[in-house]
Structure formats: C-alpha cells, structure tokens
1. Roughly what percent of Cα-Cα pairs across the range 59-209 reach past 24 Å?
2. What does the charge dipole of the range 32-365 about its Cα centre add up to, to the nearest 20 debye, if the Cβ of each Lys and Arg holds +1 and the Cβ of each Asp and Glu holds -1?
3. 5 Å is the cut-off here: which amide hydrogens, built 1.01 Å from N in the peptide plane, fall below it relative to G223, excluding neighbours closer than 5 in sequence?
4. In nm², what is the average projected area of the convex hull enclosing the Cα atoms of the range 32-365?
5. Calculate, in nm to one decimal, what S343 and A125 gain on full extension: separation in residues at 0.36 nm each, minus their alpha carbon distance.
6. Using only Cα atoms, locate the centre of the range 112-136 and the centre of the range 195-264, then give the distance between them in Å, rounded to an integer.
Amino acid sequence: MATALQSSARTVPGPDPVPGIPTDGEDGDRPEQNAPTSPAPAVSLARLRLPEHLQASLAAAQEQRLRGYRGRFAPSPTGELHRGNLRTALLSWLAARRRRGEWLLRIDDLDTPRNRAGAEEAILADLLWLGLDWDGPVLRQSRRRGIYASVLSALRRAGLLYPCRCSRRLLADISAPHGGLNVYPGFCREGPHAWGPEQGRLPSWRLRLPPGNLHWREGSSCGGWLDGATAVGDGVLRRADGVVAYHLATAVDELWLGISDVVRGEDLWSSTGAQVAVMQAVGAEPPAYTHVPLWRDANGERLSKRDRSEGLTGLRRGGRDAAAVIGELAASLNLVPAGSRLSARELLASLPAEGPLLPPPQQALRQPPTPGRQQAEV
C-alpha cells in the first residue's frame with residue numbers, strides 16, 4: 001500500500017509494473033495504415049485472435065477477478081480533483097477496503113495536450129491527505145500504448161473496425177439545429193474501406209457494433225443495460241490524430257488489470273455502455289459497476305457546477321481539515337449524518353460488513369425492451 005507520496009508516484013520511465021501487460025515496442029503487431037480491407041463479415045467473439053502473450057495475460061487477469069475484489073480509481077491529470085471526484089474516490093476506496101480487496105490507482109494520461117504540469121502530483125497528495133491509500137505503484141496509461149495497439153490490430157483483423165472520415169464539424173452540422181444526433185449515424189460503415197490518408201487526413205477507427213442491448217452487472221440491482229444502436233453506436237476507438245480513444249484504453253485496462261468492480265459517477269452510464277461494447281468485441285466479461293448518484297443539495301437539486309468543481313485547495317483554505325472533508329463527502333452519500341467528522345478508516349469501520357453501500361441508480365431499475373424489438377438506428 002502507498003505509505004508516502006514519493007514511493008507511490010513514480011516518474012522515472014521503466015517497465016510496466018503489472019505482470020503480463022506489454023509496454024511500447026512489445027506489441028509487434030501494429031497495422032499497416034494503407035492496407036485495404038473488405039467489408040466485414042459476421043465475426044464470432046471466439047474468432048478474435050490476440051497475440052499469445054496478450055491472450056495469456058488476459059486469461060490470468062480474468063482469473064485474478066475470481067480471487068477477490070480489485071477496484072481502481074482513474075483520474076486524468078488535467079487539474080485538481082474536485083469534490084465530485086473525491087466523493088467517487090472515497091466510495092471506491094471504501095468498497096475495496098470493506099471487501100479486503102485491492103484498490104489500484106491509474107492515471108489516465110493519454111490525451112497529452114490536456115495534461116497539466118503538477119496535476120498528477122497534486123492528485124496523489126490529495127488522496128494521501130484524505131487517507132485514501134492505494135495498492136502497488138501508480139499505473140499510467142501512457143506506458144501501455146503497446147497493448148492498445150495490439151488490441152486494435154486484432155479487432156481490425158477480425159473485421160470489427162472500419163475507417164471513418166467524418167469530421168466533428170460534419171456531424172455537428174448534421175445534428176443542428178435541434179441537436180438530435182445522439183450516436184454516430186453510420187455514414188462510413190458500409191463505404192469503401194481505405195485505411196490510408198486521403199487529402200492529407202487519416203481516418204478514425206470505429207467499432208462495428210452488432211445489434212442488441214449491452215448488459216453488465218450493476219451493484220446489487222438486476223443489472224445495467226443500454227440499447228447499442230440508439231444509446232452507444234459505433235464509437236471511435238482510435239482518433240484521426242492517432243491517439244487511442246478513451247473507451248478503448250479504459251476497456252482494455254479494466255480487462256487486463258483484472259478489475260473486478262468499477263465505481264464511477266452516474267453521468268458515465270453511457271461511457272460504461274461504450275466500454276462494455278469493446279469488452280464484448282474482445283470476448284471478455286465486463287467487471288461489475290456501481291454508478292454513484294449525482295451530488296444534490298438539501299433541496300434535492302443537483303449541486304452547482306461551481307460547488308462541485310471546488311477542490312481541496314479551496315476547502316483547506318476555508319478551514320476544513322481531512323476529518324471535515326471526509327464527513328462532508330460521506331454525508332452526501334447518506335453514509336453518516338451531516339456535520340460528522342471522522343477519518344477514512346473510522347468511516348470504514350462504521351460500515352456494515354455486507355450489503356450494498358448505495359441504492360441502485362434509476363437506470364438500473366428500468367427493464368430492457370423485449371429481445372428482438374430493436375429501435376431504429378439514428
């Protein structure tokens with residue numbers, strides 16, 4: 001477990017600290033950008049061929065899930081953690097520690113232009129100040145580009161990806177003036193599939209989503225789901241600028257790190273569907289999810305963006321110590337009465353050993369439509 005900031009936040013490049021996960025240069029499997037491809041056939045999940053070392057590490061990670069609880073917290077180093085982030089981190093940490101499981105810390109730093117100097121160090125310091133310790137070294141997505149490239153190559157060889165040359169402006173223009181375009185309309189899905197540059201522009205790579213609902217385990221409820229065609233669509237897995245998309249990297253990490261349970265905000269329900277779609281394409285079971293309800297004030301109104309965005313710097317400046325902040329975060333989740341002051345460990349000790357920490361979100365209470373009655377794709 002992390003006992004000091006210096007020992008937990010490593011900044012010197014080196015081999016990936018998680019066994020079985022390759023770093024850059026280990027994939028040996030990058031696709032040729034100009035290679036043509038034919039229209040995709042119907043592909044069974046069992047036909048997705050991964051390199052042997054990735055298949056072995058995926059199998060080991062799935063076995064890890066059976067051995068016990070493994071959660072994670074995965075902030076992006078784009079700024080200070082705000083109260084909403086801290087609330088999710090606390091609940092995720094509590095869920096792991098209550099089950100005597102592991103809690104990993106992963107820094108989602110692939111989108112380099114958005115990363116801010118000093119943000120990662122501030123995130124680590126804030127978590128330790130609150131008493132939220134993590135297991136093992138800090139993990140960073142920027143050091144696992146090799147595995148993302150290998151999985152993309154395997155998906156493409158299986159016919160599960162297609163190149164897309166639609167610009168954001170084009171899709172925005174189509175959506176205007178009513179903003180009714182919720183998912184990608186599939187313009188490039190059946191078109192000529194040229195993977196190389198055209199007019200100086202490379203395509204993005206989209207996942208060819210099959211029809212049907214996407215399902216996952218949702219806390220203590222009957223499960224979560226989304227209709228793939230109308231709520232998720234063919235998501236981008238590799239951007240036109242060559243950057244691996246968030247949904248691909250996150251899905252791969254949940255699988256290959258052996259994450260058994262994910263705690264995240266309720267506003268990421270659609271992101272969960274997109275990531276489950278990637279896991280389905282790989283042929284692996286998704287983890288269980290707990291979607292944390294939005295933070296609301298005493299009147300039941302959603303906490304203002306200004307209040308949600310306040311970080312520990314402002315809270316400390318206002319005179320709050322760690323016990324007060326933990327009490328406020330826990331009270332917002334109805335775990336303790338308002339005004340409570342306690343440490344993270346004291347809060348953990350006060351919780352029941354079994355049972356859900358939160359009621360299921362409203363989305364999980366809705367039953368999916370009858371199979372076979374698919375809604376039309378936008």
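Each value in this text was obtained by applying a stated rule to the coordinates, not by laboratory testing. Worth saying up front: this structure is predicted, and the values here are computed from it rather than measured. Glycine also receives a Cβ, built like all others from the backbone with ideal geometry; neighbour counts cover every protein chain displayed.
1. 55 percent
2. Value, rounded to 20: 340 debye.
3. Amide H neighbours of G223: E218.
4. Answer in nm², one decimal: 18.5.
5. So the extension gain works out to 76.9 nm.
6. When both Cα centres are located, 26 Å separates them.
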